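A short worksheet on the structure shown next.
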Amino acid sequence: MTRTHDLRPARLSSRDVLRVGAVGLRARRARVVLSALGIAIGIATMVAVVGLSESSRADLMSRLDRLGTNLLTAEAGEDPLGGTVELPRNAVAMVERIGPVRHATATAEVDARIRRSDVVPEERTAGVTTQAARTDLLSTLGGEVARGTWLTPAGERLPTTVLGAVAADRLGITRPGETIMLNDTRVAVVGILEPVELVPTLDRVALIGFPAAARYFGFDGRPTTIFERSSDASVEDVRAVLARTVSPGNEAGVRVSRPSDALAARAAADKGLTTLMLGLGAVALLVGGVGVANTMVISVLERRQEIGLRRSLGATRNAIRLQFLTESLLLSALGGVAGALLGAAATYGFARAQGWTAVVPPWSLAGGLAATLLIGVVAGLYPAIRAARLHPTVALNAT
């Protein structure tokens, strides 16, 4: 005969725990879907924000690598005494004498109003300015011509112009061969540029040759902006001497900048925005966790008779706790997996539409799933403890 003190409650296997927990979810499918949706939205938001940010940053860094970070510009600025600095006519030749410099070129402001035709009033310039440019400008900046040709050694002496991308759009020029008015001179458009990423100000100008600017518009030959490229290792050394080389004795009136710094700053700004969006995703995840907790509490209230029956048949409090905790974890994991898939899909879809290389860091997926499991434990702990504390007779008599 079996003695009473030899009787021990049966232990549930891991498979039994999962099966019992899944039964509770299958019985309330609509509620489970809605609760899991809250978790999924939070995880999808976090994964997509990280993925899109990393994809954008990777694209930006790729463009930086392609364009190069060794371009420096020196611009005429304000004299400390209040006047305007004028760069010497031979400024480019002086910069080329700096040892590490590989390429140097220049542009200059030209006093010429631009109109679409001679019937347009002179004051309507469409927000486009005129600059003189050397023939080696495009190769130095890594720019490209979208349509037509760039200035040639012969063309730079003639009344011809190459328009920046924005300038062509504002003037309504769609193809080379059309003409515009610079002051009272009719000028032929020989080319339209692609956007110049390192120097976006060139997108809004009409470029003419230095000789043509002097011949037709009284240009004095003084450049306003010098562009130079050197080896990556020597950029800072060149930067230190560029101002006094361009304007000896008045270097304080010369502004030296590195255009790639602006793109790098954009990457830093993207990182700050990512942090903000991750905060919003965390809020959505918290709301989803509250939804899971609410579902589990209601589940305990609705299933008191089931709990009482199981307790009267020998289920331990620990088994009841484990059952409801497993339900909460499964519910959260369901939302987490769905959210991770949605976030990755959104990242790939948007990155492809933008022409980026999609990047979904593995740590974002792993972190999202870990967060869902943590939420599942926290959200299910109180309902599980409450279910385990129900007395069998009280639970069976509940209506």
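The values are calculated or read from the model by the stated rules, or taken from the named source; none is laboratory data. Because the structure is predicted, anything quoted here is derived from the model rather than measured. Counting neighbours? That spans all protein chains shown, and the Cβs are built from the backbone with ideal geometry, glycine included.
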Legend entry - Every pair of residues 6+ apart whose Cβ atoms lie under 6 Å, when the first sits in region 99-115 and is closer than 17 Å to PHE210 by Cα and free of Cβ contacts under 8 Å to residues at least 24 places away in the same chain while the second is crowded, with 17+ Cβ neighbours inside 10 Å and not basic (Lys, Arg): none
Inset, instruction - Note down all Cβ pairs under 7 Å where the first residue falls in region 123-151 and is assigned to a loop (DSSP other than H, G, I, E, B), the second is among the small types (Gly, Ala, Ser) and crowded, with 16+ Cβ neighbours inside 10 Å, and they're at least six residues apart or on different chains. - result: VAL128/ALA167; VAL128/ALA206; ARG134/ALA106; THR149/GLY191; TRP150/GLY191; LEU151/ALA133; LEU151/GLY209
Inset, instruction - Kindly establish whether THR161 is closer than 30 Å to ALA252 by Cα and either part of a strand (DSSP E or B) or in contact (Cβ under 8 Å) with a residue 40 or more places away in the chain (or both). - result: no
Legend entry - Positions within region 344-379 being touching a Ser or Thr at 6+ places or on another chain (Cβ under 7 Å) and assigned to a helix (DSSP H, G or I), in sequence order: THR347, ALA351, THR372, LEU373, ILE375, GLY376, ALA379
Legend entry - Unique match (being over 17 Å from ALA104 (Cα atoms), surrounded by fewer than 17 Cβ atoms within 10 Å (Cβ to Cβ) and without any contact (Cβ under 8 Å) to a residue 60 or more places away in the chain) among ALA167, ALA188: ALA188
Legend entry - Residue ranges of strands (runs of 3 or more DSSP E) in region 176-237 with at least 1 members under 18 Å from THR73 (Cα atoms) and in contact with a helix residue (DSSP H, G or I) (Cβ under 7 Å, 6 or more places away or on another chain): 205-209, 225-230
Inset, instruction - Taking ILE320 as the residue in question, decide whether it is at pLDDT 70 or above, of a type in the set (A, V, I, L, M) and closer than 13 Å to ALA36 by Cβ. - result: no
Legend entry - Qualifying residue in region 143-159 (condition: of a type in the set (S, T, N, Q) and closer than 30 Å to VAL241 by Cα): no
Legend entry - Output for region 241-277, where each listed residue is touching a strand residue (DSSP E or B) at 6+ places or on another chain (Cβ under 7 Å) and at pLDDT 75 or above: LEU242, ALA243, VAL246, SER247, GLY253, VAL254, ARG255, VAL256, SER257, ARG258
